[in-house]
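Notes to accompany the following structure.
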Amino acid sequence: MRFKRPTLKESKIASMEYVGECIPSEYTVFPKGCFCRIHKPKDIDWLAEHEERGQSFKSFLRKSMKAVPHGYVDTILIIPVGPFPEEEFQGFSLKKLVSWTAAFYQCNVAIGPALSLEQVKTEMREGLEGQLQLHCKTIMDELAKLSIGDKKLRKKVLVRVGVTLADLYPREEWNFVYGLAVASRGLGLFSFARYMRENGDDESEMLMSWSKSIAKVEKKTEEKLLDLVDSECIAEETTDTESTSSKEQASILFRCAKVLTHETGHLFGISHCTYYECLMAGCNHLEEFDKRPLVLCPIDLRKLQRSCKFDVVKRYKAMQILADQFGWTNTGEWLQQRIDFIEESNEEEHCESKIKESKSSSSSSSSSSSSSGRKKKKKQIVTKRVNIKF
Ligand SMILES: [Zn+2]
Ligand SMILES: [Zn+2]
């Protein structure tokens, strides 16, 4: 079936809890230019190949299988599967990803006990590029039964999210999969293998090759990521800092953050977005993935807010601090635009209610001039065009 792009009216209705509702400013599409309708898919794009029905805010509320933080159960547990670099590598660090996920979901995020390659070796295979591929179901089962020694932490876990630098495959006939999320089990598994290659580009080999990894597993030697990666490549990495520019470094972390927050979004019950160019839109290939922003559209933002109960501006500000630290300039600017818009709108609403209050207590004529001033200001915000590209 060919994908039919939702109209602006359909997208607006999808943001509502009930028809005719006045949508709070946080969940509107302003300031203009911040959100863009989903593009018509090309032949190879996700929406050309997958039938997606779209998920309105109302249908999200009806969904029963989703993670909702409650009481002390408020922690996203990230479980490393296989080796990870101990230090920052090509701009990537698990610690940075944890802080971004915490800001994004406004939840606690902790790193749990790691699963070794030895524990997930069943059905591991060599991929088409000579890379190590791990079998998804094997890992998911291990993630589910992994015991968390820390009693206090165990009680707080809302979802378990496995992350790995190895490539993944779900079943024999599939070449690979970026990751998968099973909301009913509160389990997710995502690979960074295709975003974090040896030379920091999209063409070089994946970090974990089949031959080196399998040798380690067979010898049961201690796993260290750097032992699994080509030593010549690492030498180049450490001597020639120009080889991976800060922009590219930002891009590797940016991509990993994107995949982690997108897939975790599924655990929170958010389906693929069919309304806007949004973090939650499905991706079929790297080019499509790179075009997507690292932020949620207003419809999906409203869904997440309902479950996580955060203050939207506070969340945006926490994300902005990290975006600046990580060198994600466009995202940082985008967040600033949204913060300014929401704060100005809320200020206006506050003024409006003050005016209403004073109107009801006295019949002073001064309110009409304030009101026209507000309208003028509103117009100024709405027509401010910001073209942010991710
Ligand atoms: Zn997805
Ligand atoms: Zn969306």
### Query
What net charge is computed for the residues neighbouring LEU301, neighbours being all others with C-beta under 11 Å from the C-beta of LEU301, Lys and Arg scored +1, Asp and Glu -1?
+3
#### Entry: Spin-label pair SER59/SER204, simplified geometry with 7 Å Cα→Cβ offset, distance in nm
4.3 nm
#### Entry: FRET efficiency, TYR72 to LYS291 (Cβ-Cβ, R0 41 Å, nearest 0.05)
0.60
### Summary
Among LYS145/LYS317; LYS145/LYS212; LYS96/LYS155, the pairs whose Cα-Cα distance exceeds 30 Å are LYS145/LYS317
### Query
Okay, which of the stretch 161-178 sit inside 12 Å, backbone N to the point 7 Å along the Cα-Cβ direction of ALA110?
none
### Message
Using 0.36 nm times the number of residues separating SER147 and GLU49, minus their current alpha carbon distance, what extension gain do you get?
### Response
31.4 nm
### Cβ-derived FRET efficiency at R0 30 Å, CYS22 paired with LYS137, nearest 0.05
0.05
### Query
Of LYS58/LYS156; LYS95/LYS151; LYS9/LYS95, which sit over 32 Å apart, Cα to Cα?
LYS9/LYS95
### Message
What does the extension gain come out to for ARG125 and LYS4, with contour length at 0.36 nm per residue minus their alpha carbon separation?
### Response
39.7 nm
### Task
For the stretch 102-192, run through the GluC sites (Glu not before Pro) and keep only the ones in DSSP coil with at most 15 other Cβ atoms within 10 Å of their Cβ.
GLU123, GLU172, GLU173
## Note on the structure
Compactness check, the stretch 127-178: C-alpha Rg relative to the 2.2 N^0.38 Å globular estimate gives 1.42
### Task
Compute the FRET efficiency between ARG171 and LYS12 as 1/(1 + (r/R0)^6), taking r as their Cβ-Cβ distance and R0 = 51 Å, and round to the nearest 0.05.
0.80
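Just so you know, all these numbers are worked out from the coordinates, no wet-lab data involved. Predicted model, so just to flag it, every value in this text is computed and none were measured. Heads up, the Cβs are rebuilt from the backbone with ideal geometry, glycines too, and the neighbour counts pull from every protein chain shown.
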